[in-house]
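No lab work stands behind these numbers, since they all come straight from the coordinates. Nothing here was measured: the structure is a model prediction, and the numbers come from that model. So basically every Cβ, Gly included, is an ideal-geometry build from the backbone, and we count neighbours across all protein chains shown.
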Amino acid sequence: AQKVTQAQTEISVVEKEDVTLDCVYETRDTTYYLFWYKQPPSGELVFLIRRNSFDEQNEISGRYSWNFQKSTSSFNFTITASQVVDSAVYFCALSEPYSGGGADGLTFGKGTHLIIQP
Amino acid sequence: DTGVSQNPRHKITKRGQNVTFRCDPISEHNRLYWYRQTLGQGPEFLTYFQNEAQLEKSRLLSDRFSAERPKGSFSTLEIQRTEQGDSAMYLCASSSYEGRGANVLTFGAGSRLTVL
């Protein structure tokens, strides 16, 4: 089973629509971190947010918001009033620092390709 | 500092040849990571360094792959006897230490390898 599942391979919306990208993770650890990264066409992954497993507060940053729910093992990402510049591949990632699989290696999902049409 | 720099950006080689990629991290970052990304997939962890010490290697890093960070600054990733399955984007990232598993990575633009 995948540790990080991003079920939406591709989403296409019209500019100014709201869009939510889903992320479901799997871990047995009580201490872990979740991340979202954006990969624009240039290829360079850009950090968006980090959340630790003990902090379930939702977060809003401008048009971006994140909903972390441990009960459903989900860490969803919403873009409000989308813009063409938001077009990119978005990755959710999990860090399990106390598991045997590496103290610092991130496990990424397969990504969601978001297309914002003008 | 201009971020994480990777060279070359693109490399086309014939099967069986050796290739080397270089990564220059952000100067104040003591951690350096290598990831591999194939088309339609997320990045996969290969290895990481703290200063010059290689602390972790994933099972993806076969014995044809070797990574070094000799002076704790830039790093090289060498692939010997390349195979077509090695075709991928090789991503380098760096970070400062913020806590076990908590580090925010700054990625380079990657080095794309095509093995013919």
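The requirement of being in contact (Cβ under 8 Å) with a residue 24 or more places away in the chain, closer than 23 Å to A:Arg51 by Cα and either surrounded by 14 or more Cβ atoms within 10 Å (Cβ to Cβ) or within 12 Å of chain A (Cβ to nearest Cβ) (or both) is not satisfied by B:Arg36. Evaluate the stretch B:41-50: report whether one residue or more is away from chain A (no Cβ under 14 Å), assigned to a loop (DSSP other than H, G, I, E, B) and either farther than 30 Å from A:Thr9 by Cα or under 14 Å from the mean Cα position of the chain (by Cα) (or both). No: zero hits. Is it the case that some residue within the stretch B:57-68 is surrounded by 13 or more Cβ atoms within 10 Å (Cβ to Cβ) and touching a residue at least 40 places away in the same chain (Cβ under 8 Å)? The answer is no, given that none of the residues of the stretch B:57-68 is surrounded by 13 or more Cβ atoms within 10 Å (Cβ to Cβ) and touching a residue at least 40 places away in the same chain (Cβ under 8 Å).
Quick one: which residue in A:Thr72, A:Thr9 is touching a strand residue (DSSP E or B) at 6+ places or on another chain (Cβ under 7 Å) and touching a residue at least 12 places away in the same chain (Cβ under 8 Å)?
A:Thr9
A single member of A:Gly62, A:Gly43 is without any contact (Cβ under 8 Å) to a residue 12 or more places away in the chain and away from chain B (no Cβ under 14 Å), and it is A:Gly62. Strands (runs of 3 or more DSSP E) fully within chain A that include at least 2 residues being more than 30 Å from B:Arg31 (Cα to Cα): A:10-14, A:19-21, A:74-79, A:112-117. Number of residues in the stretch B:69-116 that are surrounded by fewer than 18 Cβ atoms within 10 Å (Cβ to Cβ), more than 16 Å from the chain's Cα centre (by Cα) and in contact (Cβ under 8 Å) with a residue 60 or more places away in the chain equals 6.
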